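A.B. asks: Encoded as structure tokens, here's the structure I'll be asking about.
A short reminder: the numbers here are calculations on the coordinates, not readings from a lab. These figures come from a predicted structure and were not determined experimentally. All Cβ positions, even for glycine, are placed from backbone atoms using ideal geometry, and neighbour counts span all protein chains on display.
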Amino acid sequence: MSPRTGIDLQMVIQTAAEIADQEGFEAVTLSALAYKLNIKSPSLYNHVKGLPGLRKQLALYSIGEFYNTLSEAAIGRSNDEAIIAIGTAYIHFARKHPGLYEATFRAPDLMDPEVRTAGDRIIHLILKILQAYGLEGSAALHIVRGFRSMFHGFASLEQKGGLGMNLNRDESLNIMISTFLAGLHSRLNSAK
């Protein structure tokens, strides 16, 4: 069976991305996607290997979009300014693309070499920024874990309604980033 004219893998993934952002990651199913594309579900097998294949492709697409967002935020910036820019971009991506953000860590197999390679680009971007602070090796990786955990926690709480108090969320974000930077600077100063 040949693929329907006008439908290719890019269209399939972009449509899946729309469903994820509008209705949530779990709403991305073969039947929902086929309905949106106005095709029969079996036709999707011309482009993806079932639901796991679709979710892998969506994860790769999402990680790529996330990397591009963070990378663009870092261009022309270094040190604290770069940390602030990519931290803010991280949260803005999660706000603008909640389904894509969830897809970045919901691949069917997180150990899949393609998924790992895509995700490693984000880690290497943050590591490159941390080099300006003289951080390398395992010390830098621990800081990257903390950085990612902090922003993922904020994004997750915000998406699940856990930041319901009548406080400005962007102000909370700015305080969180400045506290992270103060801790980073304190750690670096005590190591001298």
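A.B. asks: Give the peptides 48-55, 105-112 in descending order of average Cβ contacts within 10 Å, highest first.
C.D. replies: 48-55, 105-112
A.B. asks: Mind pulling the angle between the C-alpha long axis of helix 9-23 and the longest principal axis of the chain? Nearest 10 degrees, somewhere in 0 to 90.
C.D. replies: Result, in degrees: 70.
A.B. asks: If r is the Cβ-Cβ distance from residue 138 to residue 179 and R0 is 25 Å, what FRET efficiency results, to the nearest 0.05?
C.D. replies: 0.60
A.B. asks: Lys pairs in the chain, Cα-Cα under 20 Å, at least 8 apart or on separate chains: how many?
C.D. replies: Qualifying lysine pairs in the chain: 4.
A.B. asks: By how many degrees, between 0 and 90 and to the nearest 10, does the Cα long axis of helix 137-159 differ from the longest principal axis of the chain?
C.D. replies: 60 degrees
A.B. asks: Simple spin-label model, 7 Å along Cα-to-Cβ: residue 114 to residue 77 in nm?
C.D. replies: If labels sit at residue 114 and residue 77, their model points lie 3.1 nm apart.
A.B. asks: Residue by residue through the stretch 122-136, which ³J(HN,Hα) values in whole Hz follow from phi under the Karplus form 6.51 cos²θ - 1.76 cosθ + 1.60 (θ = phi - 60°), with glycine and proline marked x?
C.D. replies: For the stretch 122-136, the Karplus curve yields 5, 4, 5, 4, 5, 4, 4, 5, 5, 4, 4, 8, x, 8, 9 Hz.
A.B. asks: Mind ordering 62-74, 157-169, 116-128 by average Cβ neighbours within 10 Å, highest first?
C.D. replies: Ranking the peptides 62-74, 157-169, 116-128 by packing returns 62-74, 116-128, 157-169.
A.B. asks: Candidates (i) 16.0, 53; (ii) 17.3, 52; (iii) 19.0, 66; which is the computed Rg and Dmax of the Cα atoms in Å?
C.D. replies: Given (i) 16.0, 53; (ii) 17.3, 52; (iii) 19.0, 66, the structure-derived one carries the label (iii).
A.B. asks: Okay, which of the stretch 23-59 sit inside 11 Å, backbone N to the point 7 Å along the Cα-Cβ direction of residue 11?
C.D. replies: Correct set: 37-39.
A.B. asks: If the chain between residue 51 and residue 95 were fully stretched, how many nm would it gain, using 0.36 nm times the residue separation less the Cα-Cα distance?
C.D. replies: 13.3 nm
A.B. asks: From the phi of every residue in the stretch 29-41, what ³J(HN,Hα) in whole Hz does the Karplus formula 6.51 cos²θ - 1.76 cosθ + 1.60 yield, where θ is phi - 60° and glycine or proline is x?
C.D. replies: The phi angles translate into 10, 5, 5, 5, 5, 4, 4, 5, 8, 6, 9, 8, 3 Hz.
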